[in-house]
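No value in this document is a laboratory result; all are computed from the given coordinates. Predicted model, so just to flag it, every value in this text is computed and none were measured. All Cβ positions, even for glycine, are placed from backbone atoms using ideal geometry, and neighbour counts span all protein chains on display.
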Amino acid sequence: NRIVPVIAIDGPTASGKGTVASRVADSLGWHFLDSGSIYRLVSLQALRSGVAFDDAERLVKIASRLDVTFDGEEVVLDGEDVKDKLRQEEVGNGASKLAAIPAVRSALLDRQKGFRKGPGLVADGRDMGSVVFSDSVLKIFLTASVEARAERRYKQLIDKGLSANLERLVLDLRERDERDTNRAVAPLKPSADAVLLDTTALTADQAVIFVLEHARERLIESRFVSNASD
Ligand code: CDP
Ligand code: CDP
C-alpha cells in the first residue's frame, strides 16, 4: 500500500481544505477522502442516539460500527443520504469535541487508511499529513484569517438556504480552533515537512493551482511520474 501516493491537505475549519482537496483529486483523477465527514458521522449518530460527546465508551462503539458508504456525492448512513445533515454546525461542533478522545481517533484509523487506493489519494482533515498518512508525498497546511474563514462559512450556509450569523460564526470558529489546536492527541498543527499556504487573499482556484504545481514537482522528485522533459 505504501506505493500509492497520498497528498495530505490539513488546516483549520473553513480554510478551504475540502474544496481544494476535492478539486485537486478531480484534476489528478485520484480518490478523495474528506476525513472530517467521518468524525461528523460519529457526531450525527451520537446526537441521534442521545450519546454525550464525552462518553468515550459509547462513542467508540458508534465509531467502530458506522455503516456508511461514500457513493459519489452521497454519504449513505444506514441507507439514508446524510450529506446535508453532516454540514450542520451543531454536527461539526460535536465532531470537534469527540475528536479529542484518543480511543475514538484510533477506532477511525483503519477506516481512513482504507481510502488509499491507486492511482492515488487526496485526503483532507487535521492530521492527514501528521498521523494517518505520515508518508504522504506532499503535505499542505492551509490557513486563512478567522474573519475570512467565517465569511466563507457564512456564504456557504446562506447559499444552502440555511440561517447564519456572522458574529456567532467567528466565535464558533475561534472556539473550534482552540479545541482542535490544544488537544493532546493529533492536535491541529502543521508537520515539520508541510508546505504552508495562507489563502486569506487567494481564490479557491489559486489555491488549487498552487497545490497542483507542488504535487507535480514532488511526484517527479519521488519518481511516481516521469518528467516529460528528462
Ligand atoms: O469543515 P470543517 O473544517 O469545519 O470540519 P471537518 O473537517 O468536517 O471536521 C470536523 C471536526 O472533526 C473538526 O473540528 C476536527 O475536530 C475533527 N477532525 C479531526 O479531528 N481530524 C480530522 N482528520 C478531521 C476532522
Ligand atoms: O474543508 P474546509 O472546512 O477547510 O473548507 P470548505 O468546506 O472547503 O469551505 C471553504 C469555502 O470557502 C468554500 O465555499 C470555497 O469555495 C471557499 N473558498 C476556498 O475554499 N478557498 C479560497 N481560497 C477562497 C474561498
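Legend: ranking of residues 117, 189 from fewest to most surrounding C-beta atoms inside 10 Å; resulting order 117, 189. Remark: the Cα gyration tensor places region 76-230 in the prolate category, a/c being 1.5 or greater and a/b exceeding b/c.
For region 3-74, the convex hull drawn through the C-alpha positions has a volume of 134 cubic angstrom per residue. Note that region 29-44 has calculated 3J(HN,Hα) couplings of x, 9, 6, 9, 10, 9, 5, x, 5, 6, 5, 5, 4, 5, 5, 4 Hz, one per residue in order, obtained from phi through the Karplus relation 6.51 cos²θ - 1.76 cosθ + 1.60 (θ = phi - 60°); glycine and proline are x. Near residue 183, the amide H atoms lying under 5 Å from its own belong to 188; only residues 5 or more places off or on other chains count, and H is placed 1.01 Å from N. Taking max minus min of the alpha-carbon positions on each principal axis, region 156-230 gives extents of 54, 35, 20 Å, largest first. Structure remark: mean-square fluctuation, Gaussian network model of the chain, C-alpha springs under 10 Å; the largest value among 60, 104, 68 belongs to 68. So who's got an amide H within less than 5 Å of the one on residue 125, skipping anything under 5 residues away but keeping other chains? H placed 1.01 Å off N, in plane. Amide H neighbours of residue 125, under 5 Å, 5+ apart: 9, 10, 11.
The value of relative contact order for the chain, using C-alpha pairs under 8 Å at least six residues apart, is 32 percent. Classification of region 96-142 by its C-alpha gyration tensor yields an oblate form. The axis ratio a/c (a ≥ b ≥ c) is 1.5 or more, and b/c is at least a/b.
Provide the gained length on full extension for the span residue 58 to residue 182, in nm with one decimal, where the gain is 0.36 nm per separating residue minus the Cα-Cα distance. Gain on stretching residue 58 to residue 182: 42.3 nm.
With a simple spin-label model that places each label point 7 Å from the Cα along the Cα-to-Cβ direction, the separation between residue 93 and residue 143 comes to 2.6 nm.
Amide H to amide H, with H built 1.01 Å from N, residue 138 comes under 5 Å of 6, 8, counting only residues 5 or more places away or on other chains. Computed over every Cα-Cα pair of region 1-160 and binned at 5 Å starting from 0, the pair-distance distribution P(r) comes out as 2, 9, 18, 21, 22, 17, 10, 2, 0 percent. Normalised by the number of residues in region 94-230, the mean separation of alpha-carbon contacts (under 8 Å, six or more apart) gives a relative contact order of 32 percent.
The simple spin-label model puts a point 7 Å past each Cα toward its Cβ; for residue 70 and residue 134 those points are separated by 2.2 nm.
In order along region 203-220, the phi-based Karplus estimate (6.51 cos²θ - 1.76 cosθ + 1.60, θ = phi - 60°) of 3J(HN,Hα) comes to 7, 4, 4, 5, 5, 4, 4, 4, 5, 4, 5, 5, 4, 4, 4, 5, 5, 5 Hz; Gly and Pro are listed as x. Which lysines have a Cα less than 27 Å from the Cα of residue 97, not counting those fewer than 8 places away in the same chain? Within the straight-line limit of under 27 Å, residue 97 reaches these lysines: 17, 61, 83, 85, 113, 139, 155, 160, 189. If both residues of a DSSP beta bridge must be in the chain, then about 25% of such bridges are antiparallel. Adding -39500 (n - 2.57) for every DSSP H run of four residues or longer, then dividing by how many residues the chain holds, sets the calculated 222 nm ellipticity at -14500 deg cm²/dmol. Sparse packing (at most 15 other Cβ atoms within 10 Å of the Cβ) combined with a DSSP loop state is found for the following GluC sites (Glu not before Pro) in region 48-134: 73.
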